[in-house]
Every structure is written in C-alpha cells, then in structure tokens.
1. Return, for the Cα atoms of the range 31-83, the radius of gyration and Dmax in Å, separated by a comma.
2. Which value, in nm² and rounded to one decimal, describes the direction-averaged projected area of the C-alpha convex hull of the range 53-152?
3. Hydropathy at least -1.0 by Kyte-Doolittle, axial extent at least 20 angstrom from the Cα trace: which helices of the chain, defined as entire DSSP H runs, fit?
4. Step by step: find N for the chain, compute 2.2 N^0.38 Å, then divide the Cα radius of gyration by it. What's the final number?
5. For Cys19, Cys93, what's the fewest-to-most ordering of other Cβ within 10 Å of each Cβ?
6. R0 = 25 Å: FRET efficiency of Phe18 with Tyr143, Cβ-based, nearest 0.05?
7. By residue number, which cysteines of the chain lack any other Cys whose Cβ falls under 4.7 Å from their Cβ?
Amino acid sequence: MQRAMNVIGQIDRELLVFCNNLGSPQWDGLWVLLTDRLAWIPLYVFFILLMVIRYRDARVVFTAVLAVVLLITLVDQSLTQVFKPLIKRLRPCHVPELTGQIRMVLESCGGLYGFFSAHAANSAALATFGIGALHRRFPWFSYMLVGYSLLHGYSRVYLAKHYPTDVLTGWLYGILLGYGTFLLFNRLIQRWKK
C-alpha cells in the first residue's frame, strides 16, 4: 500500500511540474484572473438571472441562493477546519524539494496546507447544483458551469497552489456536496408545488 501511495505521489509531483511549466509569463495574468473568485461574479449573477427565468418564484430563487451560500460555506469550513489541518499535506509552493522545479507566478503561496483544493470543491459544488437546477431549461449553461469548474481547478495547478490530486479530490467532494444540496433543494420545491 505504501509503495502504491509513493508511486501516486511521484506521479502527482511530476504532473504538477509538467502542468505548471507549460505556463509562460504571457499567459500568467489570465490564469491569475481565472483563479480569482471575484472574476467569476458575472457568471454568478447570470446563474441567479437564469434561476429567476427558470422558476419565476421569488421564494424558490431565494432558497436556491441561500442553499448555494450554505453549500459554499460548508465546503470552505469543512476544508479549512477539518480536512486540511487533519491531513496536513503541504502546498507544492511550500515544499523545499520543488523549489526550482516549479514556476512561482504569485508571490504569496497561501496557507500552509493544500489537501484538498477549496477552489476546485467550491466550483464543482456550484456547477453541480446549477446543472441540477437549470439543465432542463438551459442545457447549454451546464457546459458553461463545467468549463468554469475545470478552468478554476486547473488554475490552482498552473499557479502551483495545489497538486493535481488536490484538485481532483476537490472536484469529487464538491460534486457530492453539490448534488446532495440540489436533491434537498429539489425535494423542498416539489413540496411547495403540492
């Protein structure tokens, strides 16, 4: 088991170095922008607008927004208060052995621990909830949400803030919580229709 974990860890580091070194200064600004949660505000506003069009019920839209806020809070708090301190896996930019192998695009490395990526988990949670809530009426928006989550997650590897497995785990965690939250939301609005 330990040997398998070592092999996975080695592949993870090599993939990080490869992806990070694909970058170049001319593209760095784009990936810094894509990693910034505030840069995605137009998408969030568009999401709310589509919810209004889809449901045409203020309490449903309010409930959806509240559900997403609680979902993101749950993801963030569970990562910062439970998983990261419990697992204590250093971010790649804090690992001395990787110095000189990775490009440091940003001066700040972020918190000490990085397993697993809150950016990836939050974007996957929002995307999953949004796909569940809007796919029937706006199937094309599902592709936008998946693209958002993929770009947001990859930006963390590009910037050497997370290993690829941090991002993959974040996506999986976000999908699970996002889907569970959507199921609760959907059950609630179905009761309102009765």
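Values quoted throughout were computed directly from the atomic coordinates according to the rules given, and no laboratory measurement underlies them. Please read all numbers here as calculations on a predicted model, not as lab measurements. Ideal geometry is used to build each Cβ from the backbone, glycine not excepted, and the neighbour counts take in all protein chains shown.
1. Cα-based Rg and Dmax for the range 31-83 come out at 13.7, 38 Å.
2. On the way: hull surface 32.2 nm².
Average projection, Cα convex hull of the range 53-152: 8.0 nm².
3. Details: long enough: 2-22 (30 Å, 0.19); 41-55 (21 Å, 2.14); 58-78 (29 Å, 1.88); 118-134 (23 Å, 1.09); 139-158 (29 Å, 0.30); 164-193 (43 Å, 0.41).
What comes out of the filter, once short or polar helices are dropped, is 2-22, 41-55, 58-78, 118-134, 139-158, 164-193.
4. Details: Rg = 18.2 Å, N = 194, 2.2 N^0.38 = 16.3 Å.
Scaled against compact globular proteins, the figure is 1.12.
5. Values: Cys19 17, Cys93 20.
Going from least to most buried by this count: Cys19, Cys93.
6. On the way: r = 27 Å, r/R0 = 1.07.
E between Phe18 and Tyr143, to the nearest 0.05, is 0.40.
7. Isolated Cys, the chain: Cys19.
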